[in-house]
Amino acid sequence: MDATVLAFSGLGATAVVASLARLRRRLQLSHAKHRSLTGHARMSRRIAALIPFYDYGEDRFFCSDAAPPEVASRRRDGFARLADLYATRFAATARQTAEVAGSISDVQFTDAYRVPFQYSRHVRTHLRAGTFVQASDGVTITDLDGNRFYDLTGSYGVNLFGHDFYKGSMERGLARVRDLGLMLGPYHPVVADNVRRLTKISGLDEVSFHMSGTEAVMQAVRLARYHTRRRYLVRFCGAYHGWWGDVQPGVGNPQPARDTLTLADMSEQTLAVLRTRRDIACVLVNPLQALHPNGAAPADTSLVDGARAAQFDKAAYADWLKRLRAVCSERGIVLIFDEVFVGFRLAPGGAQEYFGVRADLVTYGKTVGGGFPVGVVCGRRDLMKRFRDDRPADICFARGTFNAHPAVMGAMSEFLAFLDTPKARALYGNSLDERWNDRAARLNGRLAAEGLAVRVANLSSIWTVCYTKPSRYNWMLQYYLRAEGLALSWIGTGRLIFSLDYSDADFEAVADRFVAAARAMERDGWWWCDPAATNKSIRRGILKEMIAQRWASLRGRRAA
Ligand SMILES: Cc1ncc(COP(=O)(O)O)c(C=O)c1O
């Protein structure tokens with residue numbers, strides 16, 4: 001063999017070794033993905049694009065599960081009763097909503113996605129939900145018709161201490177900065193106090209202010225990439241981190257997020273990937289996932305069966321975070337806790353305190369603005385720095401016209417100061433979880449005693465509703481709850497968020513209404529199901545409908 005051949009065979013061997021290494025990495029990554037569609041961002045987008053529209057007209061609406069005529073007729077009567085009630089009780093609210101809906105894309109979207117799409121048109125026509133409210137008071141809100149509802153929306157999680165608290169913090173916060181008015185760029189002195197409190201709460205060195213949780217997450221990830229000089233962001237299956245493209249690689253974002261890896265939560269295979277790859281800049285954790293690891297936000301629009309499940313195991317999740325922390329430290333990966341939702345809700349020191357694990361960067365938002373829009377990043381000094389001393393042109397840019405807006409900073413200072421008061425300490429106390437766990441258990445006891453096919457699961461004051469029957473109609477419960485005077489956000493029974501000012505009496509009133517709604521749902525036959533039905537068989541049936549629909553539309557197109 002001459003020298004040239006030897007050199008080529010050496011090169012060939014190197015190429016084979018490199019290919020094998022690549023294959024191994026690829027396989028390792030595949031193993032670390034959650035087996036659900038949610039765990040496969042690209043695939044889920046492709047499949048979503050194939051799902052055809054079809055809906056059940058009035059004839060199938062009440063018996064899409066092949067219910068016997070007697071049950072379908074009970075459902076029809078129940079639906080008609082609800083439709084009458086909605087038409088009279090919510091008339092002004094629905095009218096105002098209809099007037100603006102054509103001009104507000106957000107309203108059109110939320111209206112279309114309250115229930116599975118096959119049922120949506122019929123529901124929208126007859127059960128107009130309405131998006132306007134005129135006042136809040138204690139734990140209630142009032143719509144344009146003067147109906148008072150117990151507020152279970154939690155204003156997307158912002159409302160932690162109760163409406164009256166935020167009215168006060170917004171007003172006093174504005175009063176504090178009135179002399180400055182609109183002055184952006186230089187800071188109002190109140191900022192210094194906010195920074196002092198935030199560094200103490202987070203246990204981290206520096207702070208940056210932004211206008212939303214989404215922006216705070218963008219900045220935290222950008223800093224992690226800048227300082228590690230690595231490319232990939234790891235997020236966990238199902239976790240929400242705002243609507244920036246890189247943290248929403250699946251359905252909802254038309255552009256593939258090439259630098260994001262979506263891995264399985266609480267998984268050894270995920271730890272193996274983190275341990276072996278050198279291109280991972282950061283791991284983003286939304287501690288809310290502790291309630292449903294690897295599950296997406298539980299919206300009623302995807303409630304086509306009874307498979308929604310949730311269960312919070314604090315010790316198991318804390319243990320997972322500790323192991324994740326250790327691997328990130330070992331591999332120089334930046335661990336980011338996205339506490340935009342749970343921060344301050346679980347403990348005054350947030351998820352770090354609650355689970356006993358420290359992150360390198362923490363994002364906060366929602367409630368910390370004291371009622372105004374905000375995003376915050378707290379972090380280690382070395383990670384927060386936006387320039388390099390030895391490379392002056394290599395900077396990590398981040399600005400925002402309204403960052404540290406005086407009104408937001410004023411209200412934030414009210415919020416942060418409140419955390420130090422005896423009143424706040426009493427609200428959290430040692431028994432915050434006990435209080436909410438106890439309330440959830442009491443409600444579940446009542447539901448079980450009456451043989452109703454519904455239960456709640458909770459992470460402290462954040463609740464989700466689960467169903468014990470493989471029914472196709474579980475999403476109807478949201479309309480019965482509203483009829484009983486319980487206000488839910490547009491994702492329906494997937495997320496109930498309580499403010500901490502709910503007294504025992506308030507909670508009992510909510511529980512009474514919840515049970516009454518479930519009773520009506522049972523009476524009207526929505527929980528009838530074929531004894532042979534399972535969640536799997538329901539999903540299989542829906543898949544068959546979709547395939548038939550797609551096939552019919554392909555044939556129709558060909559014929560045309
Ligand atoms: C964990 C988490 N991160 C980020 C965001 C985005 O925050 P914002 O809606 O303020 O942009 C949210 C919003 O719900 C969130 O829950």
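The values are calculated or read from the model by the stated rules, or taken from the named source; none is laboratory data. Everything quoted here is computed from the prediction, not taken from an experiment. As a convention, Cβ positions derive from the backbone with ideal geometry for all residues, glycine included, and neighbour counts pool all protein chains shown. These area figures cover heavy atoms from the full protein model, side chains too; ligands, DNA and RNA do not enter into them. Shrake-Rupley method; radii C 1.70, N 1.55, O 1.52, S 1.80 Å.
A few points about this structure:
- Over the chain, Cα pairs under 8 Å with separation of 6+ residues give a relative contact order of 21 percent.
- For region 219-372, the Kirkwood radius over C-alpha pairs fed into Stokes-Einstein at 25 °C and 0.890 mPa s yields D = 153 µm² per second.
- Restricting the calculation to Cα atoms, the chain shows an Rg/Rh of 1.00 when the hydrodynamic-style radius is the Kirkwood one.
- Residues in region 1-125 average 62 Å² of solvent-accessible surface per residue, probe 1.4 Å, ligands and nucleic acids excluded.
- Along its principal axes, region 229-294 has C-alpha extents of 31, 31, 15 angstrom, given from the largest down.
- Taking 25 °C and 0.890 mPa s as conditions, region 129-286 diffuses translationally at an estimated 126 µm²/s according to Stokes-Einstein applied to its Kirkwood radius (Cα pairs).
- Apportionment of accessible area to carbon and sulfur, region 260-310, percent (1.4 Å): 53
- Projected label distance in nm at Asn253 and Lys167, using a 7 Å step from Cα toward the beta-carbon: 4.0
- Taking every protein chain into account, the accessible area of region 224-283 amounts to 42 square angstrom per residue (probe 1.4 Å).
- Using the Cβ-Cβ distance between Ala13 and Tyr156 with R0 set to 41 Å, the FRET efficiency from 1/(1 + (r/R0)^6) comes to roughly 0.10.
- For the pair Lys536 and Ala272, the difference between a 0.36 nm per residue extended length and the Cα-Cα distance amounts to 91.9 nm.
- Segment Ala393..Arg178, full-extension length gain: 73.5 nm, with 0.36 nm per residue of separation and the alpha-carbon distance subtracted.
- Taking θ as phi - 60° and the Karplus parameters 6.51, -1.76 and 1.60, the scalar couplings of region 548-557 work out to 4, 5, 5, 4, 5, 6, 5, 5, x, 5 Hz in sequence order, x denoting glycine and proline.
- The trypsin sites (Lys or Arg not before Pro) found in region 333-427 that occupy coil by DSSP, while having at most 10 further C-beta atoms within 10 Å, are Arg399.
- Ranked packing of 213-226, 59-72, most packed first, by mean Cβ within 10 Å: 213-226, 59-72
- Inter-part distance where region 106-172 and region 455-492 are each reduced to a Cα centre, Å: 14
- Full extension of the segment from Glu434 to Leu27, taken as 0.36 nm per residue of separation minus the current Cα-Cα distance, would add 142.2 nm.
- Convex hull of Cα atoms in region 157-221, direction-averaged projection (nm²): 5.7
- Antiparallel DSSP beta bridges within the chain, percent to nearest 5: 60
- Heavy-atom surface of region 370-514, accessible at 1.4 Å and reported per residue (Å²): 37
- Taking amide H positions as modeled 1.01 Å from N, with prolines and chain starts lacking one, the residues under 5 Å from Gly375 and 5 or more places away or on another chain are His210, Met211, Ser212.
- In this structure, Met43 and Arg95 have a Cβ-Cβ separation that, at R0 = 56 Å, corresponds to a calculated FRET efficiency of about 0.85.
- Unit Cα scatterers, Debye sum, region 76-142: log10 I(q)/I(0) for q = 0.15, 0.23, 0.28 Å⁻¹: -0.54, -1.09, -1.24
- Here the accessible area is traced with a 1.4 Å probe on the protein chains. For region 485-560, carbon and sulfur cover 57 percent of it.
- Estimated FRET transfer efficiency when R0 is 35 angstrom, pair Ala552-Phe132 (beta carbons, to 0.05): 0.30
- Per the Debye calculation on region 308-466 with a single equal scatterer at every Cα and no solvent contribution, log₁₀ I(q)/I(0) for q = 0.15, 0.17, 0.19, 0.21 Å⁻¹ amounts to -1.01, -1.17, -1.29, -1.37.
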